[in-house]
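Data first, discussion second: the structure below is written as structure tokens.
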Amino acid sequence: MIRSFPYVQGWRLAALLAVLLLINALSQIDRILPFILAEAIKTDLNLTDTQIGLLTGAAFAICYTLLSLPLARAADRGSPRRVLLVCLIVWSAMTAFGGLAGSFVFLALTRFGVAVGEAGALPSGHGLIGRLVSPERRGLAIGLFSMGIPLGTMVGFAAGGAIADGLGWRTALIAFGAAGGLAAALALLVIPPTPAQPRGPADAQPFLASAVRLATSSGFRWLMIASLALGFGSAPFYAFSAPFLIRTHDFTAGQVGLAFGLLQGLTGVAGTLLGGRAFDRARAGTGHVLRIPAVGLLIAAPAIGAGLFAPQGWMSIALFVPAMFAFAFLLPAAFSAAHLVAGPGRQALASSLVMIASGLLGPAVGPVLVGLISDGVSSAGLANSLGVGLLIVPVGVILTGLACLVADRRIPAVCARALWPSESSPAQLRKQP
């Protein structure tokens with residue numbers, strides 16, 4: 001592939017990454033707001049835990065993951081800037097409409113709409129980084145972009161909880177939906193145009209054929225298995241941690257938002273930055289780019305299990321911290337490893353496949369499964385029903401860590417050469433992210 005424009009440098013690079021960070025943070029805020037607002041929504045609309053699980057899981061995950069692949073294709077083949085801007089406007093509008101919901105069905109439809117928009121956020125953001133950031137800085141750039149997830153979680157939990165306590169859950173959704181419109185205007189000014197690049201003979205392979213070829217390669221296959229397991233660990237963890245702390249330890253939504261959100265933000269920022277930097281160093285050194293993230297996950301799993309049955313609320317939150325850090329540390333390593341396997345011009349495709357693996361089955365089924373278990377345990381008259389349901393989280397985290405260890409041994413630094421040998425020379429591949 002021949003580049004048609006230079007890499008962004010200096011203050012333009014800083015401005016680009018700052019805006020991408022803001023957009024990713026807003027994406028995460030709009031995604032997780034129903035988590036902190038769940039108890040208020042449940043009371044207002046008279047919902048069950050199973051319906052809450054559907055809202056926070058299946059209603060979002062199905063559209064989010066299935067649409068990520070065609071939107072990734074649009075970003076790789078066309079302008080990732082255009083894809084990102086359109087997606088941002090769509091999901092922000094649908095978040096605001098959620099504040100007008102008067103029934104489960106209407107709210108579920110708005111969550112489908114949010115998912116439609118957010119499906120293109122991560123692939124197009126990674127596509128912009130792949131086109132505009134030089135290879136030696138991409139691990140850190142993806143870490144900075146990924147930092148939007150913990151920052152968005154922190155703001156979403158803290159501000160969402162505070163607004164819900166003071167002004168109601170509807171106001172929270174409408175306010176953050178409006179913030180997305182302002183971010184779109186800023187992105188239009190800061191993100192440079194990214195026209196379609198000239199494509200060579202190696203790029204003639206059909207998009208779906210490239211996706212299948214990538215997904216069936218050994219290293220990437222295990223990376224997708226790890227992502228699949230991660231969905232069963234992380235999605236229920238974030239969907240039900242706030243309701244668990246509110247019911248089991250008598251926190252208010254504002255208290256959970258401040259404590260849980262602040263810790264998630266701090267550990268997440270540290271995790272994504274350190275994870276991105278660790279990937280760059282591992283790639284340049286030992287080549288074991290997923291070993292440290294795997295160890296972190298294996299440490300976090302038993303801590304989560306202990307936190308679900310801790311006698312004090314502060315103990316539960318403290319025992320959840322290793323998982324917050326481990327999830328954040330894995331993000332830049334997982335996506336950068338996927339880009340490494342895929343090679344240039346396929347970063348959005350690689351990100352989309354990882355998203356599909358992590359975002360479809362686990363987030364769609366995991367929260368619903370937790371809700372069903374919780375409703376069943378509660379019907380049996382037993383205490384801590386959500387804690388019992390959330391036991392699927394440490395199991396998913398352990399499986400993620402083990403799969404990462406296998407993937408780490410099967411992702412050599414020049415594996416893209418074996419997939420698309422005509423695209424680059426070995427020397428060029430060693431420079432790829």
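Do we find a residue being modelled with pLDDT of 90 or more, more than 18 Å from T50 (Cβ to Cβ) and under 24 Å from the mean Cα position of the chain (by Cα) anywhere in segment 411-426?
The answer is no; no qualifying residue exists.
Quick one: I317 ticks every box in (1) crowded, with 24+ Cβ neighbours inside 10 Å; (2) assigned to a helix (DSSP H, G or I) bar one, so which box is it?
(1)
When you check R137 against the structure, is it in a helix (DSSP H, G or I), surrounded by 24 or more Cβ atoms within 10 Å (Cβ to Cβ) and basic (K, R), yes or no?
no
Check L273, L258, L262 and return the single one that is closer than 17 Å to F145 by Cα and surrounded by fewer than 24 Cβ atoms within 10 Å (Cβ to Cβ).
Unique residue meeting the criteria: L273.
Could you list all residues from segment 328-360 that are farther than 16 Å from A215 by Cα and touching a Gly at 6+ places or on another chain (Cβ under 6 Å)?
A328, F329, P332, A333
Quick check on segment 362-409: of everything there that is in a helix (DSSP H, G or I), of a type in the set (S, T, N, Q) and surrounded by fewer than 24 Cβ atoms within 10 Å (Cβ to Cβ), which residue is nearest to the chain's Cα centre (by Cα)?
S385
Report the residue count in segment 176-201 for those that are surrounded by fewer than 16 Cβ atoms within 10 Å (Cβ to Cβ) and either modelled with pLDDT under 65 or closer than 18 Å to G127 by Cβ (or both).
10
Is there any pair linking a residue in segment 148-164 that is polar (S, T, N, Q) to one that is part of a helix (DSSP H, G or I), with Cβ under 7 Å and at least six apart or on different chains, and which?
Between residues of segment 148-164 that are polar (S, T, N, Q) and residues that are part of a helix (DSSP H, G or I), the close pairs are T153/Q28; T153/I32; T153/G261; T153/Q264; T153/G265; T153/G268.
Output the qualifying pairs, or none if there are none: Cβ atoms under 7 angstrom, residues six or more apart or on different chains, first residue in segment 7-28 and within 13 Å of P192 (Cα to Cα), second residue in a helix (DSSP H, G or I) and not hydrophobic (A, V, I, L, M, F, W, C).
L20/G125
Please find, among R82, R77, the residue that is of a type in the set (K, R) and either closer than 30 Å to L369 by Cα or at pLDDT 80 or above (or both).
Of R82, R77, the one residue that is of a type in the set (K, R) and either closer than 30 Å to L369 by Cα or at pLDDT 80 or above (or both) is R82.
Yes or no: segment 341-359 includes at least one residue that is within 30 Å of L128 (Cβ to Cβ), of a type in the set (G, A, S) and in a loop (DSSP other than H, G, I, E, B).
Scanning segment 341-359 turns up at least one residue that is within 30 Å of L128 (Cβ to Cβ), of a type in the set (G, A, S) and in a loop (DSSP other than H, G, I, E, B).
Under 9 Å between Cβ atoms, at least 6 apart or on separate chains: pull out the pairs that start in segment 340-365 with a residue that is modelled with pLDDT of 80 or more and β-branched (V, I, T) and end on any residue that is part of a loop (DSSP other than H, G, I, E, B) and surrounded by 24 or more Cβ atoms within 10 Å (Cβ to Cβ).
V365/G57
Could you pull out the residue among V83, V105 that is surrounded by fewer than 24 Cβ atoms within 10 Å (Cβ to Cβ) and either β-branched (V, I, T) or within 19 Å of the chain's Cα centre (by Cα) (or both)?
Just a single option satisfies the conditions, and that option is V105.
The values are calculated or read from the model by the stated rules, or taken from the named source; none is laboratory data. Given the structure is predicted, the values throughout are model-derived calculations rather than measurements. Cβ coordinates were reconstructed from backbone atoms using ideal geometry, including for glycine residues, and neighbour counts include every protein chain displayed.
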